[in-house]
Amino acid sequence: MIGMAVGALAALALPLTGTASSWAADTPLPSPAGKASEPTQAQWHKVDALSRSHHALGVFDGDAEPVLALPKGTSAAERAKIEGELPAGTNITVKTSQFTQPTMDKIRDVVTARKWNREAITHSVSVMYDAEKDKLLVQTDAPLASLKALTDAYPGTIETRNARVEPVIDTRFGDNAPFNGGASTITETGGSCTAGFGVKPESGTSARAMITAAHCNTAVGQNVWNRRLDNSAGAWMGSVYQRDRDADVEMLAPGGAAGPFPYNFELWGGGTATSGTDLFVRGDTVASTGTKVCVSGSMTYNHCGHPISSTAFTVCYPGSTCIKNGRGFLFDRGGTNFPYYNNGKFTIPGDSGAPVYVPDSTNSAAWIVGINSGIAYDCCGHPQHMIGVKWRSTAYSVNWELLTDTDH
């Protein structure tokens, strides 16, 4: 084990699993190049009213900017009129679809009736409109070959993809796609950790990933599942896509490559195993000395009031995982017992990867500081500080950014 000074005490630092790039300064992240600004609420209301008045199919997410989809048969003159009525600066693309609303509704009804194959009723299926491709995306855990009758009946209108959809049991131990940060995880080796928070590339593509601690796994490609309360594996959350063992950070994504897999912009909260409380991620903030943070782990659940005591911490755990170049921060026990404030919780093994955040004044939204990584003990084995990894600096090194409540 590694001896180091923590305050005035010789300490041992250990990661918190159950069973890299250089660090950048704590300055605000720049806006991704070429990314359009988000329309205001008033502009969205105007766009929505415009969409309804022209009987559009709706306004949908696109890879770079929103798409207002008009039904098949819309004249060029009407399309030009709509384009001219869009609020200035909203960067919304207007497209004419191959679908009318009745046609789209009919195909959706046929898909979800699940009569296109004898065994279809035993599988989950979902349908959503992809405005970029102007197709209906059908996702199912049924064999894709079983959808041949369906795709033959509606040629050129359907794209199929393997995915499983299950009803959501609203706790961190029964999570399903889209997965929240703070969900309990279990790895191929049986280790228990905690999901951190959803991220996306700065390039503005539809790719998504989930941050957690690198020491939770041992190699790229290892699979991770949601851990149920009985320690069995639940829904598959993805596999390790990218690791930085010099920052104790890794990303989970489907099939070993970042794609449009459903990770959410929410965090599990609540102080018990059965709590279904969640928070929106609003953005990120710097790790500042004295700031009181919350951590939401799968073993100690959500607890708050932990003051940050160091903002440039470096450590190497036993083995090959480190937090180098001052990329770590320390946060302390804290508490509510005036004047000592030392009756709070410490994180324990299984809380690794958990989101560390500052709540807003309503306790309904979170500003991400980083992820939970380990514990620093004194010479006698008493926990002294919790160890985190700063997200802002990691974001600079991996060129990813947070999923927030604006990413609907």
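The values are calculated or read from the model by the stated rules, or taken from the named source; none is laboratory data. Bear in mind that the values here come from a model prediction, so they are computed numbers and not experimental data. Quick reminder, even Gly has a Cβ in these numbers, built from the backbone with ideal geometry, and neighbours come from all protein chains shown.
Can you go through Leu50, Leu70 and tell me which one is surrounded by 15 or more Cβ atoms within 10 Å (Cβ to Cβ), modelled with pLDDT of 85 or more and in contact with a Ser or Thr (Cβ under 7 Å, 6 or more places away or on another chain)? Quick ask: steps written out before the conclusion?
Details: Leu50 fails: in contact with a Ser or Thr (Cβ under 7 Å, 6 or more places away or on another chain).
Going through Leu50, Leu70 in turn, just one is surrounded by 15 or more Cβ atoms within 10 Å (Cβ to Cβ), modelled with pLDDT of 85 or more and in contact with a Ser or Thr (Cβ under 7 Å, 6 or more places away or on another chain): Leu70.
When Ala177, Ala219, Ala214 are checked against the criterion of being touching a Lys or Arg at 6+ places or on another chain (Cβ under 9 Å) and under 30 Å from Thr103 (Cα atoms), Ala177 stands alone in meeting it.
Scanning the stretch 375-394 for residues that are in contact with an Asp or Glu (Cβ under 8 Å, 6 or more places away or on another chain) and either surrounded by fewer than 20 Cβ atoms within 10 Å (Cβ to Cβ) or not charged (D, E, K, R) (or both) yields Gln384, His385, Met386, Val389, Trp391, Ser393, Thr394.
Report those strands (runs of 3 or more DSSP E) wholly inside the stretch 122-232 carrying at least 1 residues which are assigned by TED's automatic domain parsing to the domain that holds Trp367 and touching a Phe, Trp or Tyr at 6+ places or on another chain (Cβ under 7 Å). Walk me through it before giving the result.
On the way: elements: 125-130, 135-140, 158-162, 179-181, 184-187, 192-194, 198-201, 209-212, 223-227.
Here the list reads 179-181, 184-187, 198-201, 209-212, 223-227.
Would you call Pro383 out of contact with any helix residue (DSSP H, G or I) (no Cβ under 7 Å at 6 or more places or on another chain), at pLDDT 90 or above and closer than 21 Å to Gly196 by Cα? Steps first, answer last, please.
Values: out of contact with any helix residue (DSSP H, G or I) (no Cβ under 7 Å at 6 or more places or on another chain): yes; at pLDDT 90 or above: yes; closer than 21 Å to Gly196 by Cα: no.
No; evaluated as a whole, the condition is false for this residue.
Considering each of Thr274, Thr300, Thr285 in turn, give the residue that is surrounded by fewer than 17 Cβ atoms within 10 Å (Cβ to Cβ), polar (S, T, N, Q) and at negative phi. Of the residues listed, the single one that is surrounded by fewer than 17 Cβ atoms within 10 Å (Cβ to Cβ), polar (S, T, N, Q) and at negative phi is Thr274. Among the conditions (1) within 27 Å of Val249 (Cβ to Cβ); (2) surrounded by fewer than 16 Cβ atoms within 10 Å (Cβ to Cβ), the only one that Gly182 does not satisfy is (2). Of the residues making up the stretch 203-239, those that are of a type in the set (D, E, K, R) and surrounded by fewer than 18 Cβ atoms within 10 Å (Cβ to Cβ) number 2.
Filtering Asn176, Asn223, Asn217, Asn162 for residues that are modelled with pLDDT of 90 or more and among the polar types (S, T, N, Q) leaves a single hit, Asn223.
What number of residues within the stretch 231-242 satisfy the criterion of being out of contact with any Leu (no Cβ under 7 Å at 6 or more places or on another chain) and modelled with pLDDT of 90 or more? It would help to see each step written out before you state the result.
Start the filter on the stretch 231-242 by keeping residues that are out of contact with any Leu (no Cβ under 7 Å at 6 or more places or on another chain), which leaves 231-236, 242.
Within this subset, residues satisfying the condition of being modelled with pLDDT of 90 or more are 231-236.
Final tally of qualifying residues: 6.
Count, please, the residues in the stretch 129-143 that happen to be over 24 Å from Phe60 (Cβ atoms) and more than 24 Å from the chain's Cα centre (by Cα). Give the derivation first.
As a first pass, look at the stretch 129-143 and keep what is over 24 Å from Phe60 (Cβ atoms): 141-143.
Remaining after also requiring more than 24 Å from the chain's Cα centre (by Cα): 142-143.
Residues meeting the conditions: 2.
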